[in-house]
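Worksheet for the structure shown next.
The values are calculated or read from the model by the stated rules, or taken from the named source; none is laboratory data. Since we're looking at a predicted model, the values are computed, not measured. Please note: Cβ atoms are built from the backbone with ideal geometry, for glycine as well, and neighbour counts cover all protein chains shown. Please note that ligands, DNA and RNA were not included when accessible areas were found on the heavy atoms of the full protein model with its side chains. Shrake-Rupley method; radii C 1.70, N 1.55, O 1.52, S 1.80 Å.
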Amino acid sequence: MATHAFQRLPTAPAGRILMLRLAAILLSLFIIAGVLALSGHSPFMLAELIVRSTIGSRFGLEDLALFMCPLLLTGAAVCVCGTIGLWNIGAEGQFYAGAIAATGVALGLHGPAAMVLPLMTIAGIMGGMAWIAVPTLARAYAGVNEIITTLLLNFIASLLTYYLTTGPWRDRISGAQVSTQRLSVSIPEMWGIVHWGFPVAIVIVTGLALVLSRTRWGYEIRIGGANPEAARYAGIPVRLRIISVMLLSGGLAGLAGMFEVAGTVHRLQGGMANNFGYLGIVVAVLARGSCLSVIPAALLMALILDSGIVMQTQQLSASVVLAITGLILFLIAIGDELAHYRPVARTITGEKAR
């Protein structure tokens, strides 16, 4: 007698993953529509409003690009660490550190944008690297779990931002609370309110994907993440690769902070990270370890965030929007897991069948 069982494969075809993700999104939308209808909202009217306000208008597309810019870099920051088997949970803190360093340059230097912006960029990258330096050395030389150290530094960076924006760097001109004055320089805009940091972020993510897949450095990182002992036996300097990858990760998140403060917000202010560092973890998970897949994953996350803002304008609370976002991501995660399973036919002998 033949029966069917399921076998979990270590990898899953990309086509199957995409199909199940689309099915997960459709199922989540169906559930959301039912809940909204029961609560007295018209799901069709709300869906039309979301489409018109996001991908159906120039203003919505500009918002999507502004959301994508930091998500691309924080997602890549987490993704590149995952390549060597590490988790950078501190992209939020590195984001703030990069924004703080870039703001310090802008407030301390007075000159043309052509001179100040490159210095702000370098400062933002170095700020992110400096913020992850201690977890990096602790992981490389003492084996300290990088998840705990990077996570705890997030809170310190956030509190430091609040201290600076309410203390020594507070806006003494307009009197705005928890904010510095508007920076004298900004990243030039390329399309509406979308600044040049957006295409630069896409180029960085694409270039990083090529480096990881086409260079010896990328090969050594992948081997070090798959089997550290075998990598050491083959002569790969695993410790050095851990340091370089984690510093690169921090630099990417710091650059995201610089782009946000110089291109979108134009000032350092408390809460400006908007959880982009934590959402970068979600983007990296959706990308499944592929830096190139960070681009569509960041687009999906940006679309969810933008849709959430539209729903809040229709008297839906932030808690409801958060629950909807969680449902969509939860069903996508289930779809990703199911993509690894395939049915396997097994034959049971007559004696066992009895």
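Quick notes on this one:
- Filtered residues of the range 130-152 (kept if open to solvent by less than 40 Å² (accessible area, probe 1.4 Å) and touching a residue at least 24 places away in the same chain (Cβ under 8 Å)): I132, A133, P135, T136, A140, E146, T149, T150
- Condition met for L210 (in contact (Cβ under 8 Å) with a residue 60 or more places away in the chain and either more than 28 Å from E146 (Cα to Cα) or not in a loop (DSSP other than H, G, I, E, B) (or both)): no
- Only a single criterion out of (1) outside any helix (DSSP H, G or I); (2) over 30 Å from Y163 (Cα atoms); (3) modelled with pLDDT of 95 or more is not satisfied by N88, namely (2).
- In the set I55, I32, only one residue is under 24 Å from the mean Cα position of the chain (by Cα) and open to solvent by 10 Å² or more (accessible area, probe 1.4 Å); that residue is I55.
- Here I55, I125 are screened, and the one residue that is part of a loop (DSSP other than H, G, I, E, B) and out of contact with any Ser or Thr (no Cβ under 6 Å at 6 or more places or on another chain) is I55.
- Selected residue [part of a helix (DSSP H, G or I), small (G, A, S) and under 30 Å from G143 (Cα atoms)] from G82, G15, G60, G34: G82
- Residues satisfying the stated conditions in the range 179-198, i.e. under 14 Å from M120 (Cα atoms), modelled with pLDDT of 95 or more and either touching a strand residue (DSSP E or B) at 6+ places or on another chain (Cβ under 6 Å) or among the hydroxyl-bearing types (S, T, Y) (or both): S186, I187
- Among the residues of the range 153-175, those that are more than 21 Å from A256 (Cβ to Cβ) and without any contact (Cβ under 8 Å) to a residue 12 or more places away in the chain comprise Y163, G167, P168, R170, R172, I173, S174, G175.
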